[in-house]
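*Asks:* Before I ask anything, here is the structure I am working with.
The values are calculated or read from the model by the stated rules, or taken from the named source; none is laboratory data. For clarity, every value in this text was computed on a predicted model and none was experimentally measured. Every residue, glycine among them, receives a Cβ derived from its backbone with ideal geometry; neighbour counts consider all protein chains shown. Surface accessibility is based on the protein's heavy atoms, side chains included, excluding ligands, DNA and RNA. Shrake-Rupley method; radii C 1.70, N 1.55, O 1.52, S 1.80 Å.
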Amino acid sequence: MIPNVSNVSIIGAGHTRFGRLSQNLEELITEVTQEALADAGVAAAEVDAIFVGHFNSGLVSDGFPSSLVHQADPGFRFTPAARMENACASGSAAIFAGLNAILSGQAETVLIVGVEKMTSRSTAEVTTALAGAGYQNDEFEASLSFPDVFALAARNYAERYGDPLPAMAKIASKNHMNAMKNPLAQMHRPMTPEQAGTVTEKNPVISAPLRLSDCSLISDGAAAIVLTTTARAKDFPKAVQFKAAVHVSDSLPMSGRDVIGFEGPARAIGKAYEQAGVTVKDLSFAEVHDCFTIAELLIYEAMGLAEKGKGAEAIENGTVLADGALPVNLSGGLKAKGHPVGATGVSMHALSYRQLTGQAGEMQLETPETALIFNMGGAAVANYATILSRRD
């Protein structure tokens, strides 16, 4: 029998600004941990376990980041801590470890931290580090950067369904405009669809047909959430319940699957709907993994907003806009909020928690009830879908 994830709630969150930051990894971890504990009103000594999402892959020399959380408060001494890694879904891997610890009865209150320090490396070095999340035992696949991988997806989409570039430009513009209302976002620069869709010196082709405007950012940053049992959460003023938590992993080599089928994401999201007893029409908003704009387009189809090959309809008819029926990436997404790899999944949950508890500032929706979060590692390999709701 699968444990009921609604027995776990989020009771606090912390979030640094994303961008090119002066803090080192330890300082980012310490800052966000202290903020999350203060927000929850929980003492370090009350935390039973700590899980840290951190990809690294040579980006920093800190190979033992879980131990750095203890620097935030002496009350953490002797509290078990572990690092979780699952490529760009490392943050969600840490969250799922925390869920499992609580649902198994091994912990009552858990701290989750997601963190990455990327900007101390050159763009070429970061690209190489991230490429380590691709399949290395095939000469062709090992030669691909992630821009190459998603450029391949965009070309395949064009061949099968028609040119996705106009829709991708609209997605980039949407996420830039959303980020203008997020003070924590890395990129506060409005962008029109025309600007996103035009190749210029400032918007060059990165890997044909992807333009710079189609790619997520190289970022530093951290986010944290405090989890506890839903029974205990009743004693806290702000809480958000998990309604579903599904992890689906696909095979790593792309040669054995349809690169634009996004079968793993569709399976994870579909199972999350089933677990929560909802449909896409019940969602108030979604935060999804737009590592590249073609990925967000494919996720529209995976989450049931549009049929295969018709993802553009979701952006063209306004459904996914900030004032639409189902806003997607109100935070600005990875495209404009930023993508410090290990922090991304935790950031999605932290900001969704704030949205559902009325603490989202200029991003705040009027009466949000239910959120879908989809975080992905690799090219639709590690797929994590969660559904959060305002507490019962």
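*Asks:* Considering the convex hull of the alpha carbon atoms of segment 185-320, report its projected area averaged over all viewing directions, in nm², one decimal.
*Replies:* 11.5
*Asks:* For ARG83, what residues show an amide H to amide H distance below 5 Å, using hydrogens built from the backbone and excluding near sequence neighbours?
*Replies:* For ARG83, whose amide H was placed from the backbone, the distant partners under 5 Å are VAL52, SER66.
*Asks:* Here is a follow-up. Could you please tell me the mean projected area of the C-alpha convex hull for the chain, averaged over all directions and given in square nanometres to one decimal?
*Replies:* For the chain, averaging the hull's shadow over all directions gives 17.5 nm².
*Asks:* Here is a follow-up. With a cap of 16 neighbouring Cβ atoms within 10 Å, and only residues DSSP puts in a loop, list the GluC sites (Glu not before Pro) found in segment 91-135.
*Replies:* Counting only loop positions with at most 16 other Cβ atoms within 10 Å, the GluC sites (Glu not before Pro) in segment 91-135 are GLU108.
*Asks:* Moving to a separate point now. Report P(r) for segment 266-392: all Cα-Cα distances, bin width 5 Å, range 0 to the bin holding the largest distance, values in whole percent.
*Replies:* Computed distribution, short to long bins: 2, 11, 23, 26, 23, 12, 3, 0.
*Asks:* Also, I was wondering about something else. Would you mind getting the accessible area per residue of the chain, heavy atoms of the protein chains only, 1.4 Å probe, in Å²?
*Replies:* Each residue of the chain exposes 38 Å² on average to a 1.4 Å probe.
*Asks:* For segment 81-169, just run the numbers: alpha carbon Rg, then divide by 2.2 N^0.38 Å, N being how many residues it has.
*Replies:* Its radius of gyration relative to the 2.2 N^0.38 Å reference: 1.50.
*Asks:* May I ask you to list the GluC sites (Glu not before Pro) in segment 303-392 that are in a DSSP loop and have at most 11 other Cβ atoms within 10 Å of their Cβ?
*Replies:* GLU307, GLU366
*Asks:* Given a cut-off of under 8 Å on Cα pairs at least six residues apart, what relative contact order in percent is computed for the chain?
*Replies:* Relative contact order for the chain comes out at 26 percent.
*Asks:* Using a 1.4 Å probe and counting only protein heavy atoms, arrange MET177, MET376, MET84 so the residue with the most accessible area comes first.
*Replies:* Of MET177, MET376, MET84, the descending order of accessible area is MET177, MET84, MET376.
*Asks:* Considering only protein heavy atoms and a 1.4 Å probe, what is the carbon-and-sulfur percentage of the accessible area of the chain?
*Replies:* 50
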